[in-house]
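Asks: Below you'll find the structure I mean.
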Amino acid sequence: MLKVLVTGAGGQLGSELRYLTALAALPAYHFEFADRTVLDLGNLCKMEDFFEGNRFDVIINCAAYTAVDRAESEPELTDAINHRFVSMLAKIAKRDGSRLIHISTDYVFDGRNHRPYVESDPTDPQGVYGRTKRDGENAILAVAPANTVIIRTSWVYSTFGSNFVKTMLRLGQERESLGVIYDQIGTPTYARDLAAAILEIVPQIDNAAPEIYHYSNEGVASWYDFAKAIFDLGGVQCIVNPITTDQYPTPAVRPHYSLLNKAKIKNDFNIVIPYWKDSLKQCLKHLGEQQ
């Protein structure tokens, strides 16, 4: 039986992995889910102690500092979680011969492309969050543990935690109209779909050096399109008005273009990726069932 550690177990992706593994019979694996009460990611010494006493066959790192705007004022903590902790995981994976899956982000790019980003495109992050995530990727590549996969994703939402879908549903009930940005383009990613893909990938990992992959749902949307779909599919009577990025200033720079080319992950692991609006329907259905 393979021992699998999921870090960031209290986040959206970690929670979806917990949900799916509880739902499916996976007798070949024993999953351990570690949230911030188990792993204090800001204290690397304690982290080293934890891994000294625990060896894992597979490590799925869903842990990250994802508060993009707050990261601008907390660069040291952001770096500790998104970079230095990741570097430590890479060294542990190499030492123990563990398979490692690390989740990264579209924010490693500058968002100025004119076609979907491929894995080999040069990175140029525009803020603290993106820079620390890029540094985490580079740390893995420098340590170079075998059987390691880096997955960049974008616009993640879930039935768990705080996210754009839940925020829109709440605001849509509270207000008659909302302004939502239309000039940032990407693809929403349902965390449950990504979690399912990860579970498909784990037994297939067999690479001598780390490989980078892209994963989001299929299709294209702006945040405006995303909000409209949430209201339309969720039966929310709220008017959505398109606004530009400069009409909604934030401390961190957001990429204007975040489309990711998924051909590599589909080809290498034979994964079928759902269309974003179909996945949104499923998420809204599950949220309705929870209520």
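Asks: Run Ser162 past the list (1) under 30 Å from Glu289 (Cβ atoms); (2) of a type in the set (S, T, N, Q); (3) at pLDDT 95 or above and report the number of the one that doesn't hold.
Replies: (3)
Asks: Moving on. I'm trying to understand the selection: among the residues of the stretch 162-192, which are under 20 Å from the mean Cα position of the chain (by Cα) and either buried (at least 22 other Cβ atoms within 10 Å of the Cβ) or among the aliphatic types (A, V, I, L, M) (or both)? Outline the logic, then answer.
Replies: Here is the first cut: in the stretch 162-192, the ones under 20 Å from the mean Cα position of the chain (by Cα) are 162-168, 184-192.
Result: Val165, Met168, Ile185, Gly186, Thr187, Pro188, Thr189, Tyr190, Ala191, Arg192.
Asks: Can you name the strands (runs of 3 or more DSSP E) wholly within the stretch 172-247 that have at least 2 residues being over 16 Å from Thr153 (Cα atoms)?
Replies: Working: elements: 177-181, 211-214, 239-243.
Where strands (runs of 3 or more DSSP E) fall fully within the stretch 172-247 and carry at least 2 residues being over 16 Å from Thr153 (Cα atoms), they are 177-181, 239-243.
Asks: Filter the stretch 109-148 for residues that are surrounded by fewer than 18 Cβ atoms within 10 Å (Cβ to Cβ) and on the phi > 0 side of the Ramachandran plot and give the result.
Replies: The answer is Ala144, and nothing else.
One line per residue, one yes/no per condition, for (1) crowded, with 20+ Cβ neighbours inside 10 Å; (2) under 26 Å from Ala196 (Cβ atoms):
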{"residue": "Asp35", "(1), (2)": "no, yes"}
{"residue": "Val38", "(1), (2)": "no, yes"}
{"residue": "Lys46", "(1), (2)": "no, no"}
{"residue": "Arg55", "(1), (2)": "no, no"}
{"residue": "Tyr65", "(1), (2)": "yes, yes"}
{"residue": "Asp69", "(1), (2)": "no, no"}
{"residue": "Phe85", "(1), (2)": "yes, yes"}
{"residue": "Thr105", "(1), (2)": "yes, yes"}
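Asks: From the residues in the stretch 14-34 that are more than 19 Å from the chain's Cα centre (by Cα) and among the aliphatic types (A, V, I, L, M), which one is modelled with the highest pLDDT?
Replies: Here the residue is Ala22.
Asks: If you go through the stretch 127-161, how many residues are part of a helix (DSSP H, G or I), within 15 Å of the chain's Cα centre (by Cα) and among the small types (Gly, Ala, Ser)?
Replies: In the first step, residues of the stretch 127-161 are kept if they are part of a helix (DSSP H, G or I); the result is 128-143.
Keeping just the survivors that are within 15 Å of the chain's Cα centre (by Cα) gives 129-130, 132-134, 136-137.
In the following step, the residues that additionally are among the small types (Gly, Ala, Ser) were identified as 130, 136.
Matching residues across the stretch 127-161 total 2.
Asks: Going through the stretch 247-264 one residue at a time, which ones are of a type in the set (D, E, K, R) and closer than 17 Å to Asp183 by Cα?
Replies: Here is the first cut: in the stretch 247-264, the ones of a type in the set (D, E, K, R) are 254, 262, 264.
The answer is Arg254, and nothing else.
Asks: Let me ask another. Looking at (1) touching a helix residue (DSSP H, G or I) at 6+ places or on another chain (Cβ under 8 Å); (2) modelled with pLDDT under 95, find the lone condition where Asn54 falls short.
Replies: (1)
Asks: Only one residue in Lys285, Lys266, Lys228, Lys277 is touching a strand residue (DSSP E or B) at 6+ places or on another chain (Cβ under 7 Å) and free of Cβ contacts under 8 Å to residues at least 60 places away in the same chain. Which one?
Replies: Lys228
Asks: Turning to a different aspect of this structure: Scanning for something of a type in the set (S, T, N, Q), closer than 23 Å to Glu200 by Cβ and either out of contact with any Pro (no Cβ under 8 Å at 6 or more places or on another chain) or outside any loop (DSSP other than H, G, I, E, B) (or both), does the stretch 92-100 turn up at least one residue?
Replies: To start, the set of residues in the stretch 92-100 that are of a type in the set (S, T, N, Q) comprises 98.
If we keep only those that are closer than 23 Å to Glu200 by Cβ as well, we get 98.
From what's left, either out of contact with any Pro (no Cβ under 8 Å at 6 or more places or on another chain) or outside any loop (DSSP other than H, G, I, E, B) (or both): none.
Within the stretch 92-100, not a single residue is of a type in the set (S, T, N, Q), closer than 23 Å to Glu200 by Cβ and either out of contact with any Pro (no Cβ under 8 Å at 6 or more places or on another chain) or outside any loop (DSSP other than H, G, I, E, B) (or both).
Asks: Hey, among the residues in the stretch 220-239 that are within 10 Å of Ile181 (Cα to Cα) and either among the β-branched types (Val, Ile, Thr) or out of contact with any Pro (no Cβ under 6 Å at 6 or more places or on another chain) (or both), which one's surrounded by the fewest Cβ atoms within 10 Å (Cβ to Cβ)?
Replies: Out of the qualifying residues, it is Ser222.
Asks: Might you let me know whether the stretch 183-201 holds any residue that is of a type in the set (Gly, Ala, Ser) and either out of contact with any helix residue (DSSP H, G or I) (no Cβ under 8 Å at 6 or more places or on another chain) or without any contact (Cβ under 8 Å) to a residue 24 or more places away in the chain (or both)?
Replies: no
Asks: Among the numbered criteria (1) in contact with a Lys or Arg (Cβ under 7 Å, 6 or more places away or on another chain); (2) surrounded by 17 or more Cβ atoms within 10 Å (Cβ to Cβ), which single criterion is violated by Asp96?
Replies: All conditions pass for Asp96, except number (2).
Asks: Note down all Cβ pairs under 9 Å where the first residue falls in the stretch 68-87 and is touching a residue at least 40 places away in the same chain (Cβ under 8 Å) and over 22 Å from Ile101 (Cα atoms), the second is among the basic types (Lys, Arg) and in a helix (DSSP H, G or I), and they're at least six residues apart or on different chains.
Replies: Pro75/Arg131
The values are calculated or read from the model by the stated rules, or taken from the named source; none is laboratory data. What you see is a predicted model; the values in this text were computed from it and never measured. All Cβ positions, glycine included, derive from the backbone under ideal geometry; neighbour counts span all protein chains shown.
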